[in-house]
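Shown next, in structure tokens, is the structure this report addresses.
The values are calculated or read from the model by the stated rules, or taken from the named source; none is laboratory data. Keep in mind it's a predicted model, so treat the numbers as computed, not measured. Backbone-built Cβ (ideal geometry, glycine too); neighbour counts: all protein chains shown.
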Amino acid sequence: MTPYVSAIVVSYNTREMTLDCLRALRADLTGTPSEMLVVDNASADGSAEAVKREFPEVRVIQSGRNAGFGAANNLAMAQARGELFLLVNSDAFLRSGCTKALMDCLERHPDAAVAGPRIVRPDGSLQISCYRFPSPLRALLENLFVASLFPNHPVLGDYRRWAHDCEREVDWVIGACMLVRRKAFEEVGGFDERFFMYAEETDWQKRMRAVGWTVWFTPAGEAVHVGGGSGQKSRAAVEAFHRSKEDFFRKHYGAPGVWTNRLTSVAGALCRVPAYTALGLIRRGDRTALLRRREWQDVLRWNLSVERRTMQCL
């Protein structure tokens, strides 16, 4: 049977989570003509062997190196046979009916290239999964509090205070789980492999929208994302995030865009670090305030650093 949906999971040293992900994925795909592909990015924990042992029907592609999220998905999409690509992080677990809800969403919106579900953390709380595209104007609005003051404004606001409780068109959805049309992939190509981690799905969906496709969110489907609730990120992950963000600005807005983002980010951090420090003292070590202070300290540290390799590209 020719598959209609090709489900793709990228695995890198996440053996147990990958197996749990595939169990949930297999259950959700029951009754849908589908195939499952796992790209193993040279894991050292026996992930590929474990997948082959428990899921003999899964096609395991061993990349031979840690190629990153985008490159690994490109490898799988080039070999996939479905009309739709279901991209799922190894730390994301689909709840029953998620795939069907995403398929229905694409059917309702023929011009949609991507549909994303509601994402929740393991404790059931909402994870923001839709965002506005980064831009010099967006950097100004978000870092200088304008977006916070007008959260529901169609231009000035963003999706951060939205309950993610209705189906709507959005700028882009996170790559933890998304259903993508093959036609859109064939038109714009795959992920830009220069983005090793972070911003690759942002860039991809921006390119799709540039040629007329739309992106939709639907709360009818839901997935649990462990990564969204992991708390403090490692130093390497923080640096990868900021590096990819700068690469995105450089690609789409050039050096002026990069510097606008840097300057507004510094201004935003200089306002927020003292505020969250004071809040943490008032609330006697409030964990959320401490985490937010640490995040903005990372923003400040990164944007004031003179040792970043990305500086060499300007």
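Provide a single number: the residues in the stretch 52-63 that are part of a strand (DSSP E or B) and modelled with pLDDT under 95.
Taking the stretch 52-63 as the starting set, the residues that turn out to be part of a strand (DSSP E or B) are 59-62.
Narrowing the set further to residues that are modelled with pLDDT under 95 leaves 62.
So the count comes out to 1.
Restricting to the stretch 163-187, name every residue that is part of a strand (DSSP E or B) and within 17 Å of Ala101 (Cβ to Cβ). First the steps, then the outcome.
Step one: of the stretch 163-187, the residues part of a strand (DSSP E or B) are 168-170, 172-173, 177-181.
Within the stretch 163-187, Arg168, Glu169, Val170, Val173, Cys177, Met178, Leu179, Val180, Arg181 qualify.
For Asn143, which of the numbered conditions (1) in the same structural domain as Ala176 (by TED's automatic domain parsing); (2) buried (at least 17 other Cβ atoms within 10 Å of the Cβ); (3) more than 18 Å from Arg209 (Cβ to Cβ) fails to hold?
Of the numbered conditions (1) in the same structural domain as Ala176 (by TED's automatic domain parsing); (2) buried (at least 17 other Cβ atoms within 10 Å of the Cβ); (3) more than 18 Å from Arg209 (Cβ to Cβ), the odd one out for Asn143 is (1).
Looking only at the stretch 194-204, how many residues end up being at pLDDT 95 or above and either within 26 Å of Ser96 (Cα to Cα) or surrounded by fewer than 17 Cβ atoms within 10 Å (Cβ to Cβ) (or both)?
Of the residues in the stretch 194-204, 1 are at pLDDT 95 or above and either within 26 Å of Ser96 (Cα to Cα) or surrounded by fewer than 17 Cβ atoms within 10 Å (Cβ to Cβ) (or both).
So is Glu200 touching a residue at least 24 places away in the same chain (Cβ under 8 Å), charged (D, E, K, R) and at negative phi or not?
It is true that Glu200 is touching a residue at least 24 places away in the same chain (Cβ under 8 Å), charged (D, E, K, R) and at negative phi.
Here's the yes/no breakdown for (1) assigned to a strand (DSSP E or B); (2) buried (at least 16 other Cβ atoms within 10 Å of the Cβ):
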{"residue": "Arg65", "(1), (2)": "no, no"}
{"residue": "Asn73", "(1), (2)": "no, yes"}
{"residue": "Ala78", "(1), (2)": "no, no"}
{"residue": "Arg81", "(1), (2)": "no, no"}
{"residue": "Val88", "(1), (2)": "yes, yes"}
{"residue": "Ser96", "(1), (2)": "no, no"}
{"residue": "Ala101", "(1), (2)": "no, yes"}
{"residue": "Ala113", "(1), (2)": "yes, yes"}
{"residue": "Gly116", "(1), (2)": "yes, yes"}
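So that you can scan it fast, the table gives a plain yes or no per residue for (1) assigned to a helix (DSSP H, G or I); (2) modelled with pLDDT of 95 or more:
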residue	(1), (2)
Asp192	no, yes
Arg209	yes, yes
Gly221	no, yes
Gly228	yes, no
Gly231	no, no
Glu239	yes, no
Lys251	yes, yes
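Select from the stretch 251-294 the residues that are among the aliphatic types (A, V, I, L, M) and surrounded by fewer than 17 Cβ atoms within 10 Å (Cβ to Cβ) and list them in ascending order.
Taking the stretch 251-294 as the starting set, the residues that turn out to be among the aliphatic types (A, V, I, L, M) are 255, 258, 263, 266-267, 269-270, 273, 275, 278-279, 281-282, 289-291.
Of everything in the stretch 251-294, those that are among the aliphatic types (A, V, I, L, M) and surrounded by fewer than 17 Cβ atoms within 10 Å (Cβ to Cβ) turn out to be Ala255, Leu263, Val266, Ala267, Leu270, Ala275, Ala278, Leu279, Leu281, Ile282, Leu290, Leu291.
Give me the residue from the stretch 1-26 that is modelled with pLDDT of 95 or more and either more than 19 Å from Leu94 (Cα to Cα) or more than 23 Å from the chain's Cα centre (by Cα) (or both) and, out of that set, surrounded by the most Cβ atoms within 10 Å (Cβ to Cβ).
It comes out as Pro3.
Out of the stretch 146-159, which residues are touching a residue at least 24 places away in the same chain (Cβ under 8 Å) and in contact with a helix residue (DSSP H, G or I) (Cβ under 8 Å, 6 or more places away or on another chain)?
Initial filter on the stretch 146-159 (touching a residue at least 24 places away in the same chain (Cβ under 8 Å)): 158-159.
The one that is touching a residue at least 24 places away in the same chain (Cβ under 8 Å) and in contact with a helix residue (DSSP H, G or I) (Cβ under 8 Å, 6 or more places away or on another chain): Asp158.
Yes/no per residue for (1) touching a helix residue (DSSP H, G or I) at 6+ places or on another chain (Cβ under 6 Å); (2) over 20 Å from Ile174 (Cβ atoms); (3) assigned by TED's automatic domain parsing to the domain that holds Glu201; (4) at pLDDT 95 or above:
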{"position": "Pro33", "(1), (2), (3), (4)": "no, yes, yes, yes"}
{"position": "Ala50", "(1), (2), (3), (4)": "yes, yes, yes, yes"}
{"position": "Leu75", "(1), (2), (3), (4)": "no, yes, yes, yes"}
{"position": "Leu84", "(1), (2), (3), (4)": "no, no, yes, yes"}
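Only one of Leu19, Leu106, Leu25 is in a helix (DSSP H, G or I), farther than 26 Å from Arg168 by Cβ and of a type outside the set (Gly, Ala, Ser); which? Reasoning before the result, please.
Details: Leu106 fails: farther than 26 Å from Arg168 by Cβ; Leu25 fails: farther than 26 Å from Arg168 by Cβ.
Only one candidate qualifies: Leu19.
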